[in-house]
Amino acid sequence: MAHFLRKTVRDVYTNRGTVLSPLLAASRPSREGHINRAFGTSSVLSDDNKSINVAFIGAGGVSFGTAEGPWNHSVRLEKMPNVRFTAIVDPNLELAQKRVDDLSKGAYGHKWKGCEVFKDHHAMLEASSQEKRPDAVIIGVPPLIHGSLDVPQYAMELDLAKAGMHMLVEKPISMRPAEEVERLAEVLHELADEKKLVIAVGYMLRYNPAIEKAKELLKELGRPVKSIVGRYNCTYNNIYKPQWWHTLQSGGTIVEQATHFVDAMRHLSGSELEKSTIRAVAVGPDMDLSEMPPPPYAEHTVPYDMRVNRATVAVFRFESGAVGSLNHTLLMHGQNFFTELDLFGDGFHIIVRDPYQKPAVFLRRPRSNDYEQVPLDLGRDMYEKQFDAFMHAVRTGDQSDVRCLFHDAARTYETSWWISEAAGSPVPDGSVA
Ligand SMILES: NC(=O)c1ccc[n+]([C@@H]2O[C@H](COP(=O)([O-])OP(=O)(O)OC[C@H]3O[C@@H](n4cnc5c(N)ncnc54)[C@H](O)[C@@H]3O)[C@@H](O)[C@H]2O)c1
């Protein structure tokens with residue numbers, strides 16, 4: 001095939017006309033990328049010794065581990081004091097029960113005692129006794145089935161917020177049009193204020209020691225960042241999920257994956273990307289991947305128009321005037337990703353290297369030719385720190401270290417679609433899959 005060209009389903013970003021409520025407008029994410037606020041009481045569990053009931057929505061890889069990466073929310077959470085697990089929700093009841101059985105035999109088995117399994121979150125909400133009612137839920141499900149305001153069957157976050165539950169939601173937070181997700185974010189924000197809830201999103205790189213150090217160095221240097229280069233290069237031979245290979249089921253390579261770097265760029269620069277400046281090109285699915293998982297585990301049944309790109313390069317400007325570029329590839333073999341961010345300003349260069357596996361930071365200071373490796377505190381990993389902040393907020397109402405609330409993540413979601421669309425990928429048009 002000589003040329004790869006796909007049609008855009010619909011430009012969902014025109015005619016937005018979304019009006020922010022005064023409450024939300026007053027508390028949009030600050031330049032620091034998150035909001036500092038402390039709640040009163042209500043859903044807040046101020047007694048340090050009270051156990052927090054936690055439920056998992058989704059019994060899959062992100063919450064229970066895979067061979068693919070360092071994520072595994074349950075193993076981080078079970079080590080925390082005063083936590084117990086009361087439910088795992090998954091239509092695959094057998095898998096959910098297996099998770100309970102396996103973890104019940106482990107070092108923290110007592111925390112899983114009596115953990116129930118449910119086929120969906122409605123069944124959990126209906127069945128849970130007061131004693132087992134979750135205080136907090138961890139949502140790690142296929143993007144397609146959550147994050148909606150308009151389609152009741154995908155309105156999981158709305159249902160759980162109405163039921164007064166704190167949430168940590170995995171990215172991508174939805175697969176609905178960005179303007180709908182923005183409206184959902186407004187509603188959730190108001191419910192969070194009313195019911196004193198923490199509704200956070202797992203953009204965990206904000207807790208990564210290398211990203212934290214880069215942010216600290218920018219502050220210390222006192223010079224604005226003027227150019228950011230992000231390179232997110234992943235391995236593809238372990239991705240055994242047909243829906244992952246479908247752009248409008250997973251989000252595709254930018255919305256599903258490089259979104260972590262889109263978020264890191266927003267977080268580090270303290271600025272938003274300007275949609276009108278984004279230009280992008282991609283190597284599309286006409287390129288064969290020699291180590292793609294065999295049928296039916298990858299894209300073999302995915303319509304050609306919906307298959308994911310192999311390589312994407314985007315350039316853009318931030319509202320601050322800085323410029324940026326993002327390079328994503330789905331080309332490498334094995335397990336280890338190559339990920340790196342470069343931040344340049346007058347006289348300085350900060351390199352954030354390999355934040356997933358071996359985080360490191362190198363700095364070239366103004367009036368210097370040399371690079372120094374900046375020491376990092378590698379004592380606790382980014383997922384642990386994310387859950388510490390989340391559970392502390394659930395327990396006390398102090399959200400000052402919850403670094404990505406839902407409406408902040410909604411902006412990363414929207415921005416990621418802008419880049420994907422600029423690269424010629426389809427975007428959600430609001431039809432129900
Ligand atoms: N932040 C990170 O580091 C990170 C890492 C991996 C995955 N993720 C994200 O987490 C999400 C889940 O990924 P995964 O790897 O766990 O996927 P997975 O396919 O391994 O697991 C998803 C599970 O959700 C279940 N499910 C489907 N419909 C459901 C419903 N209505 N209610 C409850 N459960 C339902 C499925 O049966 C499956 O067991 C994805 O959005 C992914 O991008 C984030």
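Residues that are assigned to a strand (DSSP E or B) and among the small types (Gly, Ala, Ser): does segment 264-282 have at least one? There is at least one residue in segment 264-282 that is assigned to a strand (DSSP E or B) and among the small types (Gly, Ala, Ser). Residues that are out of contact with any helix residue (DSSP H, G or I) (no Cβ under 7 Å at 6 or more places or on another chain) and more than 10 Å from the ligand (Cβ to nearest atom) within segment 134-149 comprise just one, Pro134. Check whether at least one residue in segment 24-31 is part of a loop (DSSP other than H, G, I, E, B), modelled with pLDDT of 50 or more and either surrounded by fewer than 18 Cβ atoms within 10 Å (Cβ to Cβ) or out of contact with any strand residue (DSSP E or B) (no Cβ under 7 Å at 6 or more places or on another chain) (or both), and report yes or no. There is no residue in segment 24-31 that is part of a loop (DSSP other than H, G, I, E, B), modelled with pLDDT of 50 or more and either surrounded by fewer than 18 Cβ atoms within 10 Å (Cβ to Cβ) or out of contact with any strand residue (DSSP E or B) (no Cβ under 7 Å at 6 or more places or on another chain) (or both). Scanning segment 233-263 for residues that are in a helix (DSSP H, G or I) and surrounded by fewer than 18 Cβ atoms within 10 Å (Cβ to Cβ) turns up just one, Gln243. Please determine whether any residue of segment 51-67 is modelled with pLDDT of 95 or more and away from the ligand (no atom under 16 Å from the Cβ). Within segment 51-67, one or more residues are modelled with pLDDT of 95 or more and away from the ligand (no atom under 16 Å from the Cβ). A search for C-beta distances below 7 Å between a residue of segment 282-299 that is under 21 Å from Asn327 (Cα atoms) and any residue that is not in a loop (DSSP other than H, G, I, E, B), counting only pairs 6+ apart in sequence or on different chains, returns Ala282/Ala311; Ala282/Thr312; Val283/Ala311; Pro285/Tyr304; Pro285/Arg307. Taking the criterion of being assigned to a helix (DSSP H, G or I) and closer than 20 Å to Val187 by Cα, the residues of segment 394-414 that qualify are Val394, Phe406, His407, Asp408, Ala409, Ala410, Arg411, Thr412, Tyr413, Glu414.
Just checking, which of Ala127, Ala192 is of a type outside the set (Lys, Arg) and closer than 25 Å to Phe387 by Cβ?
Ala192
Assess whether Ser148 counts as being surrounded by 15 or more Cβ atoms within 10 Å (Cβ to Cβ) and within 21 Å of the chain's Cα centre (by Cα). Here the answer is yes, as Ser148 does meet what is asked. Do you know which of the residues in segment 279-301 that are surrounded by fewer than 16 Cβ atoms within 10 Å (Cβ to Cβ) and among the acidic types (Asp, Glu) is farthest from Ile254 (Cα to Cα)? Checked segment 279-301; the qualifying residue farthest from Ile254 (Cα to Cα) is Glu291. If you filter segment 68-116 down to residues that are among the aliphatic types (A, V, I, L, M) and within 11 Å of the ligand (Cβ to nearest atom), you find that the one that is nearest to His333 (Cα to Cα) is Leu95. Could you check, for segment 174-185, whether at least one of its residues is hydroxyl-bearing (Ser, Thr, Tyr) and away from the ligand (no atom under 16 Å from the Cβ)? No, the conditions are met nowhere in segment 174-185. The residues listed here are Thr301, Thr277, Thr339; of these, the one that is under 22 Å from the mean Cα position of the chain (by Cα) and assigned by TED's automatic domain parsing to the domain that holds Val229 is Thr339.
For segment 335-349, the count of residues that are aromatic (Phe, Trp, Tyr), over 19 Å from Tyr203 (Cα atoms) and in a strand (DSSP E or B) is nonzero.
Restricting the search to segment 207-232, which residues are assigned to a strand (DSSP E or B) and either in contact with a Cys (Cβ under 7 Å, 6 or more places away or on another chain) or within 16 Å of the ligand (Cβ to nearest atom) (or both)?
Tyr232
Look at segment 238-252: where a residue is near the ligand (Cβ under 10 Å from one of its atoms) and a partner is modelled with pLDDT of 95 or more and aromatic (Phe, Trp, Tyr), sitting 6+ places away or on another chain with Cβ atoms under 9 Å, you get Ile239/Trp245; Ile239/Tyr297; Tyr240/Tyr297; Lys241/Tyr297; Ser250/Trp244; Gly251/Tyr413; Gly251/Trp417.
What number of residues in segment 374-388 are of a type in the set (A, V, I, L, M, F, W, C) and within 13 Å of the ligand (Cβ to nearest atom)? The qualifying residues number 2. Total residues in segment 355-380 satisfying the condition of being closer than 18 Å to His260 by Cα and either surrounded by fewer than 15 Cβ atoms within 10 Å (Cβ to Cβ) or not assigned by TED's automatic domain parsing to the domain that holds Leu268 (or both): the figure is 2. With the condition kept exactly as written, say whether any residue in segment 173-189 is modelled with pLDDT of 95 or more, of a type in the set (Ser, Thr, Tyr) and within 20 Å of Leu330 (Cα to Cα). For segment 173-189, residues modelled with pLDDT of 95 or more, of a type in the set (Ser, Thr, Tyr) and within 20 Å of Leu330 (Cα to Cα): absent.
The values are calculated or read from the model by the stated rules, or taken from the named source; none is laboratory data. Note that this is a predicted model, so its numbers are computed, not measured. FYI the Cβ positions are ideal-geometry reconstructions off the backbone, even for glycines, and counts take in every protein chain you see.
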